[in-house]
Structures are given as C-alpha cells and as structure tokens.
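Trainee: Below is one structure. I have some questions about it.
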Amino acid sequence: MHVRFWGTRGSIPTPGHRTAIYGGNTSCVEIRTKDGTNLVLDCGTGIRLLGLDMLRRPGPHRTHLLIGHTHWDHIQGFPFFTPAFLPGSEVNIYGSAAFQRSLEDSLSGQMQYSYFPVKLQDLASRIHYTELEEGFFRIGEVLVETQYLNHTAPTIGYRISSDGATVAYITDHEPFWNSPGPVFHHPGDQRHIEFLEGADLVIHDAQYTSEEYRTKLGWGHSPTDYVSDVAMAAGVAKLALFHHDPTHDDDAIKRIEESQRARIVTAGSPLDVFAAAEGMEFDIRGQGWGKTIRDVSALERRPISGGRVMIVTSHQSDVSALEQILPDDGLVLKPASDGREAMELASTVQPDLVIINAKLKDGDGASFIQPLRNLLQKADLPIILLTEGRDGTETLYSAESIATDYLARPFSPPMLRTRVRAWLARTIGATGAPVEIVLPARSPEVHDVADSSKAVTENLHEVLPTIPLFAALTAEQRSRLLERAAEQTFPPGQTVMRQDDPGGMAYVIISGRVRVLESVPDSPVEMFLGELGMGEIFGELGVLRERPRSASVMTLERTRCLAIPAEDFLQMLQTSKEMSLALLRILAGRLYDADRLLARHAPDPLTGLPGRRAFHELYRRLTAGSKRRGTSVLLLVLDVLHLKEINDEFGYAVGDDVLRTVADTLVESSRNTDLVARYGGDEFTVLLVEAAAKDAEVVVGRVQQKLHQLAVYRGLPLTVDCRIGYAVSENPPDTADEMLRLADEDMQAKRSSQPK
C-alpha cells in the first residue's frame, strides 16, 4: 500500500513559516492499493491539495472517503475537493452518524448558502453515503475493520488490510485511563491495543505532550507517551504521530518526535516512530494480512433508540447531567439512589446498560456488578463504573466484579454519551434479530374462557413468582389468578391496547417490550409516555377506575403477555395486602417518571406553546405519519424583529404581549392538526402536515394579515414585524434539522433581497 499525508494538523489549520515542515493543513491521508483502489482518510483542508493532484491523474475518479468523525477539522476540506464537482466522478463516503444527524446531514450543514456558494446536492459527481458501526466490510479486495474510539463525539478508527500489509488510522482518541504503561489495566485500553495489534503502520492522534494533557482531560485527544506505549504493547512496526496541536510549531513537533524516539530506545523496542509531515509518502510492506479483529458486519445498523440506561448514584448532579443528553438519543434513563434500590428495580426496568457510582450509600458500587448480571441473567450486561479518580493508582477491578468500562468523576457528559452509545451499539442487535415464526396474535380484548386454561403454559407457575407484583402471593393464590388468565404472543408493531377502548383486562409482560402512547385531543400527535418490559404491567388503571383505556400500547418486539380478567385482578388485590402495596409502588414510580417527563416537555410558560425539545419529538411523529400517507409537509420559521429594542423602549411587559400575540396569531392561522412551537426567545416554528409548496404563500399571507389585526385589536403601541421563511418536503427527513436549515436559508434570502 502506498501512503501519503496531505494534512497532519488537528483542530484548526495553521498555515505559515513556523509550520512549513510538518504542515498546517488538517487531517487527510491517502492510501492507494496495487489494484488501484483509492482510499482517503478524513477530509480536512488537506483534501484540497489531494483533489488538485488527482486532476493530473487519469480519470474517471473513484474515491472511497473514510471519515473518523464529523468534527469540523475532519470535514472542512470537502467543499474544496475538486473531483466531487466533476461529472463522471464517484465519491463513496463512509463514517459514523453524528448525534441525531446523519452522515449526509453533517456534511451538507457546512455547505448551506450561509457558509458556501454551492450546496452538497448540487455537486455533479455521484456521491454515496454508508454509515458504519463497529465491525468489518470490504472495498474490493481491501478489508476495512472499524472500532469506536474514546472521543467527545461518535468517532471511528479504521484498520485497513491489503497487499499483505495493515494500516491503522486512529484519530481522535483519548486514553481510557491514566496508565503509565507498558501494562494497561483498563478494558478500553486493552481493546484499543488489540485493535492495533500487529499493524505495519499506525497513524495515531498524538496532539499533546504528557504535561499538556494534565490540563486537557476529557478533550478527546492522546498524549504522545500513551501513543508510543500502546504501539509498543501492540507490536506495531511503524508509528506516525499525527493530529498535531495547532500551538505546536515545527520545532515543538521535532522535540516531541525526538523524545519519543528516545523513549523507544530506552524501552528496547524495535518500533519505528516519526512525526507525520505534510507531503510525506512511502510504501508499506507487511509480513501478511495479520489477524481479523472484527467478526460482525460494520454495515449493519444497530439503532439504540429505546434502550434503557439505569444510573445508580446518590449524586443528583450526575442524574441531571445524563437527563440532559441521553434522552436526545432516544434512551430511557432510570435512576436508582443506591445498590439496594438498583437490585429491586432491575427486574422491572430490564436495563440494557448500567452506570454505577463506585461509592454508594450502601457500599462499594463494584460489589453490585456481578449480582446485577446474575439477577438479569446477562453475563455481558455493559456496566460503566464511575470512579473518584484516574491517577493510575486506583484498583480498576477485582476478579469477582469486572466492570465493562470505567470513567472518573467529574465526568465529561459528551464523552460518557459516546461511550454509552458505543456499548449499546455493541450489545443491542449486534448479531441481528433472531428469525422467529410467530403465530398471529389473538384480539387483545377477546378471550375464550373455555380455552384460556390451555393457553397458559406450565412455566407460568414458575415465572409468576419472579414478577415483583405477584412475588408475595402464595402458590394457591397464583393458581387462582391463572385459572382464567390467557397467555398471548404479539408480533412486533402490533397494538395490544387502544386508547378509549373498554378496559376488560390487565396485562403482565412475560417477555418483550412495549411502548405507551397517548393521543393529543384534536390532533394526530401521539405523546410518548414510556416503555415497559419484562415483569411490568399495563391496563391496570382502566381496571381500577372502571374507565376506558387512557393510552395505547404497541409492541416494540415480539412480546409475550399474560392477560388477567379485570374481576380476577381486583379480587386478588382485595385478598392480598402485599400485592396491593406492590401495585402502589409501581404506580408511585410511574407518577414520578411522568412528572420528570412533563418537566422536560412542559409548555412555554409565556405562550403555552410546545418548546424546542417537544417540537423535535413531535416533528418525528407527525412526519412519520406523512411518510406513511405519502403527503408533503410545510415548515415555517418566524423571527420577531427588534424584540430587544421593544423591550428597551416599552418594557418587558409589552415585549411579552408581542410574543403572546405572535403565538396566538400562528395558532389561529393554522389547523388543529398542525404543530406550532416557540423554538427560541424570538423564534417560532409551524409544521403544517399535508401542505404543499402552493400553500406556502397563502399561509404566510394569512399569518401577516392576522398578526396585524390582532396587534391592533389588543392595542399594542407598535407595529409587530416578523420575518418568515419556509421549506417544503414531499419526503420529510427523519429529523427537523434539515428543514429548519432550508427554511432559515429562505428567510435569510428574503432579508438580503429587501431594499436597504
């Protein structure tokens, strides 16, 4: 394989005479194999020079662009990659999806008119996008293996094998622990070394010196000593120090290179270490393909939305930090204050991942690791232990309780978020869902009493005692409860219970998972209330209140339920005080969770409209319906002009009246099926379902007319001016970001076209 460095700098370009030797362009490395395959690692500013060089080569150009992550210094050169503008060229782009954004969205964001004159979709080349997980895939004869790195955003490292040689590309990455080497105790560092093992060349983030790193913990980059140590531990042949810090000039990088060479000599290692320099190129010849690290496909998408994360800590600040970030990935957070509560909740919550503090009120957090895994019968349950230090002296694990991962408090929320995502992606659906033949489910509310006893399998007598609600019942009471109960199996995506249906049954989940949704009156919107798993109950409120169902329940996966007739359920509650108390605990927990959910999605107190977070969640539900019906949507964005000047001249009371007037105008100018939200201080959004481009100007005109009328009617002492932009989509994207961007561009274009 032929390797050439086109950009070696990290964070930001640093042109000038002080960086002339090692280069000032940001990350970009080219690899060419004997069969003509052209791989490009990252597209920082160095890719501009690569593109110009490719124009001198015979065409047509076919490039495979492997992006580590979508931070700006790794993608900012793409708009200047000339082959992407040429008809007949083909660019295949690979990388991890960013938080809540696709790979394509991340690249196109920097190519909107506010920043660049040409949009991504206007490029003449054929561009294909492939989002990756951990695993392997092939590009022709080239084997590419991937692994998540330790950074503040989802970041992938690449191990590329071809022509009998292996090159590993690692940027950006931070040590999992402060280990002096050569022995690394943290399982994350051990996994990292395994990924590098036997490589003929490793190109590794080495942004800081060890002294600098002490003040950069949590920034997502490596000190040079760590890089050399892991390379020696992995038996690497050549090591290129890469992603140079923008404050390091040529002299500083030279000193770093010399210091690492001296460390290698002292250690007696044959490792060849050098600082990567822009324009440096050479051939890599290896001893063979080496071992294969990954045995699952990197092309298999493993969505983590809906995953359950239990955090066990007495520090409310930890819970609050996670509540701010994990729900954005569609994860459900279940807190427990100590180990005993975690053990009590675990069977009900059925967590997919546990974050546990090393110091709990009732003992050592590590001592609960194995009991939790035993209780849940998940030997590979990922558990992240929050420790109180990372100076290398703290014992990371014992033979009895090995955590999956360790992170020091106070932790960096973005870095913890990426680790949670990585471990969930490794464990949720990593081998694909099992293929299973499921018989059609019976109607959820119709039961044949004569056959019901046959439907209940024998093992329910063993399962029922493990469910907290029924744990205190005697064997005789459980048998009575099962006499008329019916076991039912539902395939994924089936509605088990509909809102407003009569309540004749209470359901207990034996296996599987369901989602609870509540319809909003006079609207197609369904509010997400929560998810339930093994051992949990639903439908009990309708039974207790003798009222119709208050919400709908839909299966997320194949789900097995026990349906108990209402009269039997009520009779057992009257018979067993313990069962009644257990149900009270369940209902109290749900009330607590509902309060927290309402706090996150509480309406704007000034206008009564949904806020930004609720807008994004409701957008996904509304547009999902539009996609199913094949109808377009129209998104309006509206800015109130001169709000600060209004507050300064007339006072905040008048400014609040202006905002309320705008909110009421938008509500009165839209339909009940539309979504109106206060997106920011002076920003509003309106999502109109089943609306097309021809409706846009009509709606805008209606809003402007109604706003003027309402301002006059309410006697506002000023004219309320707003700027409105819109975007239309016949196939709305999964998230609102792209439509918001297009609508904002439309608004800015109107602003620039107005006479000064």
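The values are calculated or read from the model by the stated rules, or taken from the named source; none is laboratory data. These numbers come from a predicted model, not from an experiment. Neighbour counts run over all protein chains shown; Cβ positions are idealised from the backbone, glycine included. To get the accessible areas, we keep the full protein, side chains included, count just its heavy atoms, and leave off ligands, DNA and RNA. Shrake-Rupley method; radii C 1.70, N 1.55, O 1.52, S 1.80 Å.
Trainee: Return the calculated 222 nm mean residue ellipticity for the chain, to the nearest 500 deg cm²/dmol, obtained by summing -39500 (n - 2.57) across DSSP H runs with n ≥ 4 and dividing by the residue count.
Mentor: -10000 deg cm²/dmol
Trainee: Nearest 5 is fine: what % of DSSP beta bridges in the chain come out antiparallel, could you say?
Mentor: Beta bridges within the chain, antiparallel portion: roughly 60 percent.
Trainee: What is the packing order of peptides 83-93, 220-230, taking the mean over residues of other C-beta atoms within 10 Å and listing the highest first?
Mentor: Those peptides, ordered most packed to least, come out 220-230, 83-93.
Trainee: Using unit Cβ charges (K, R positive; D, E negative) and no other charged atoms, how large, in debye to the nearest 20, is the dipole of the chain about its Cα centre?
Mentor: Result for the chain is approximately 740 debye, rounded to the nearest 20.
Trainee: Return the FRET efficiency for the residue pair Gln709, Arg612: r is the Cβ-Cβ distance, R0 is 30 Å, and the value is rounded to the nearest 0.05.
Mentor: My answer for the efficiency is 0.60.
Trainee: Over the chain, what relative contact order in percent results from Cα pairs under 8 Å that are six or more residues apart?
Mentor: 8 percent
Trainee: With the convex hull built on the Cα atoms of the range 580-710, state its orientation-averaged projected area in nm².
Mentor: Projected over every direction and averaged, the Cα hull of the range 580-710 covers 10.8 nm².
Trainee: Can you tell which of Phe80, Leu217, Ala276 lies farthest toward the positive end of the dipole of the chain, using +1 and -1 charges on the Cβ of basic and acidic side chains (Lys, Arg; Asp, Glu)?
Mentor: Working it through, the farthest residue towards the positive pole turns out to be Phe80.
Trainee: Could you pull the accessible area for Leu385 with a 1.4 Å probe, rounded to 10 Å²?
Mentor: That residue has around 10 Å² of solvent-accessible surface.
Trainee: Among Ser626, Leu609, Gly539, pick out the residue whose Cα is farthest towards the positive end of the charge dipole of the chain, where Lys and Arg carry +1 and Asp and Glu carry -1 on C-beta, about the Cα centre.
Mentor: Farthest towards the positive pole: Ser626.
Trainee: Give the carbon-plus-sulfur fraction of the accessible surface of the range 637-698 in %, rounded to a whole number; probe 1.4 Å, heavy atoms of protein chains only.
Mentor: Exposed carbon and sulfur together represent 52 percent of the surface.
Trainee: What list of ³J(HN,Hα) values in whole Hz, one per residue of the range 268-273 in order, does the Karplus curve 6.51 cos²θ - 1.76 cosθ + 1.60 (θ = phi - 60°) give from phi, with Gly and Pro shown as x?
Mentor: x, 9, x, 4, 9, 10
Trainee: Would you rank Asp35, Asp42 by solvent-accessible area, highest first, keeping every protein chain in place and using a 1.4 Å probe?
Mentor: Largest accessible area first, the list is Asp35, Asp42.
Trainee: On to the next question. Roughly speaking, to the nearest percent, how much of the range 1-65's 1.4 Å accessible area is carbon and sulfur?
Mentor: The C+S portion of the solvent-accessible surface of the range 1-65 is 56 percent.
Trainee: Give me the Debye-computed log₁₀ of I(q)/I(0) at q = 0.08, 0.09, 0.10 Å⁻¹ for the chain, equal point scatterers on Cα only, no solvent, two decimals.
Mentor: Treating every Cα as an identical point scatterer, log10 I(q)/I(0) equals -0.81, -0.99, -1.16.
Trainee: Also, quick follow-up: Students often check this: by mean Cβ neighbours within 10 Å, which of 44-53, 561-570, 317-326, 128-137 ranks highest, and how do the rest follow?
Mentor: In decreasing order of mean packing, 44-53, 561-570, 317-326, 128-137 become 44-53, 561-570, 128-137, 317-326.
Trainee: Expected output is a single nm value to one decimal: the length gained when fully extending between Leu718 and Phe650, i.e. 0.36 nm times separation in residues minus the C-alpha distance. What is it?
Mentor: Taking 0.36 nm per residue and subtracting the Cα distance, the gain is 23.5 nm.
Trainee: Once you have the Cα-Cα distance between Val183 and Ala472, take 0.36 nm times their residue separation minus that, and quote the gain in nm to one decimal.
Mentor: Taking 0.36 nm per residue and subtracting the Cα distance, the gain is 99.0 nm.
Trainee: Rolling a 1.4 Å sphere over the protein heavy atoms, what is the accessible area per residue of the chain, to the nearest Å²?
Mentor: Accessible surface, normalised per residue, equals 43 Å².
Trainee: Among Trp6, Trp423, Trp72, Trp219, what's the order by accessible area (1.4 angstrom probe), most exposed first?
Mentor: Largest to smallest exposure gives the sequence Trp72, Trp219, Trp423, Trp6.
Trainee: Helices from the chain with mean Kyte-Doolittle at least -1.0 and a Cα length along the axis of 30 Å or more, per DSSP H: which?
Mentor: Result, helices passing both filters: 577-600, 693-713.
Trainee: Once you compute Rg and the Kirkwood Rh from C-alpha atoms, what is the Rg to Rh ratio for the range 8-152?
Mentor: 0.95
Trainee: Sticking with this structure for a sec: If each of Leu587 and Asn731 carries a label point 7 Å out from its Cα toward its Cβ, how far apart are those two points in nm?
Mentor: Spacing of the two 7 Å Cα→Cβ label points: 4.9 nm.
Trainee: Please work out the FRET efficiency for the pair Arg547 and Glu141, using the Cβ-Cβ distance as r and a Förster radius of 51 Å; give the result to the nearest 0.05.
Mentor: So the FRET efficiency works out to roughly 0.20.
Trainee: Sticking with this structure for a sec: Once the dipole of the chain is set up with Lys and Arg at +1 and Asp and Glu at -1 on Cβ about the Cα centre, which of Ala234, Tyr208, Val667 lies farthest towards its positive end?
Mentor: Val667
Trainee: State to the nearest 20 debye the size of the charge dipole of the range 1-89 about its Cα centre, where the only charges are +1 on K and R beta carbons and -1 on D and E beta carbons.
Mentor: 220 debye
Trainee: While we're here: Largest first, how would Thr427, Thr735 line up by accessible area (1.4 Å probe)?
Mentor: The most accessible residue leads, giving Thr427, Thr735.
Trainee: Highest mean first, how do 691-698, 188-195 rank when packing is the count of other Cβ atoms within 10 Å averaged over residues?
Mentor: 188-195, 691-698
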